[in-house]
1. Evaluate E = 1/(1 + (r/R0)^6) for R81 and R19, where r is the Cβ-Cβ distance and R0 equals 25 Å; express this FRET efficiency to the nearest 0.05.
2. Can you tell me the dipole magnitude for the chain around its Cα centre, using point charges on the Cβ only (Lys, Arg +1; Asp, Glu -1), in Debye to the nearest 20?
3. Using only DSSP helix segments of four residues or longer, with each worth -39500 (n - 2.57), what per-residue ellipticity at 222 nm results for the chain after dividing by its residue count and rounding to 500?
4. Using θ = phi - 60° and the Karplus form 6.51 cos²θ - 1.76 cosθ + 1.60, what ³J(HN,Hα) does each residue of region 360-373 get, whole Hz, x for Gly and Pro?
5. Mind checking the dipole of region 78-145: about its Cα centre, +1 per Lys or Arg Cβ, -1 per Asp or Glu Cβ, Debye to the nearest 20?
6. Taking the Cα atoms of region 1-118, report the difference between the largest and smallest coordinate on each principal axis, in whole Å and largest first.
7. Using unit Cβ charges (K, R positive; D, E negative) and no other charged atoms, how large, in debye to the nearest 20, is the dipole of region 38-107 about its Cα centre?
8. Using only Cα atoms, locate the centre of region 150-167 and the centre of region 316-394, then give the distance between them in Å, rounded to an integer.
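Each value in this text was obtained by applying a stated rule to the coordinates, not by laboratory testing. Everything quoted here is computed from the prediction, not taken from an experiment. With ideal geometry, Cβ positions are generated from the backbone for all residues, glycine too; neighbour counts draw on all protein chains shown.
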Amino acid sequence: MKQVPYLDAHGDDSYSVLRYDLHLDYRPGANRLAGCAVITAVARTALNGVSLDFGPLRVDRVLFDGKPVRYAHRLGKLRVRPGRLVPEGEEFTVEVRYAGVPRPNRGHWGEIGWTQLSDGALVASQPTGASSWFPCNDRPADKAAYRISVTTAPAYTVIATGTLVSRSGTTWVFEQPSPTSTYLVSVQIGRYASVELAGAPVRQPAAVPARLVRAFRTDFANQPRMLQEFSRLFGPYPFAAYGIVVVDEELDVPVEAQGMSIFGSNHVDGRRGSERLVAHELAHQWFGNSVTAADWRHIWLHEGFATYAEWLWAEASGRSAHEPALRSHAKLARLPQDIAIGAPGARRIFDDRVYERGALTLHALRRVMGDDPFFRLLREWTATHRHSTATTEDFTALAERISPAPIRPVLHSWLHETRLPAL
């Protein structure tokens, strides 16, 4: 039986996007955004219309293959009518010009998407916030390349997904050729000082409020060594660079984006008080960003792995991963045991138990397999599904192939039963 995707009101699997070209003009003080999105896609089945996810911004014009067409925009959907049948396999373009006051989408997890700061803006789109600022096929399995051009006021720095390829006056242009899910595309605008961390396989640029630069250098001093250690354990770092943005406001939690992580000022204390979060967000570049869950039901493949990376960093720092595992297990034993993290339900994809029980799943698997086969599994996992999507069954099948001991019953008890297994 075909499973209905989580958050199935978002996205459309009748076509796949190849590339987004986004041209944005943002005025921070007025919080005004004008945009032009050129979407290049290919039909996966014969189409007489194209449905895009798009929020409350005003649509001014829509072109299909360069020609004006009819469209309807309401209830978070932009429905484009090409005026002809688009055959399966045919490539097409949709151009949308739009403008207005951007605001985050509201949902079960609060406000997500384009957010105005007291001085600038940030984008945090997981899971369904991308449509707050550009028209898109908002499902994690539809990865595409991006070109993002942002024009803003002269005093502001722009950091966006990809590599900065040009800057002309107040216009910044970024290219991201690696396949990227819509929720991982980010734009950060603010008054930042530039910092560069040295000593790792890739560049590690950072944009930080000037008043926090000294504390940042202390708090993120171990990140280069962390990147080297994770590259050894998980395989080569999957992107051209790893950027950090520290916004000058407090955030509940840091946010991962493709090749970038965003932290709040509260995560920078000069005492490395958030170092486990530094490890967690870095690990998402392998688990979540390069290897992305094909559907949100498999989110433990993101959060369980990133949480386990926190414990692996503790191990690399001279402690034992078993100690946080025991603490986590004791904590979960005191909580309701009413969630199967292999399919937690759409409203509970960000439940803390998905994170911690996901990490415990990996720790239990490691203890059954042994270290050498286990870390071989992680490296093969990131290599096999690099810049692609995967499911829990994909992981189970690969683990079965590599493990010297039977592991399907172990994974079943941790992932698909509600009762917490013994560690």
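1. 0.65
2. Values: 48 positive and 44 negative charges, 87 e Å.
Roughly 420 debye for the chain.
3. -8000 deg cm²/dmol
4. Here the 3J(HN,Hα) series is 5, 4, 5, 5, 5, 5, 4, 5, 6, 7, x, 4, 4, x Hz.
5. Its charge dipole is roughly 240 debye.
6. Largest to smallest, the principal-axis extents are 47, 40, 23 Å.
7. Approximately 460 debye in magnitude.
8. 37 Å
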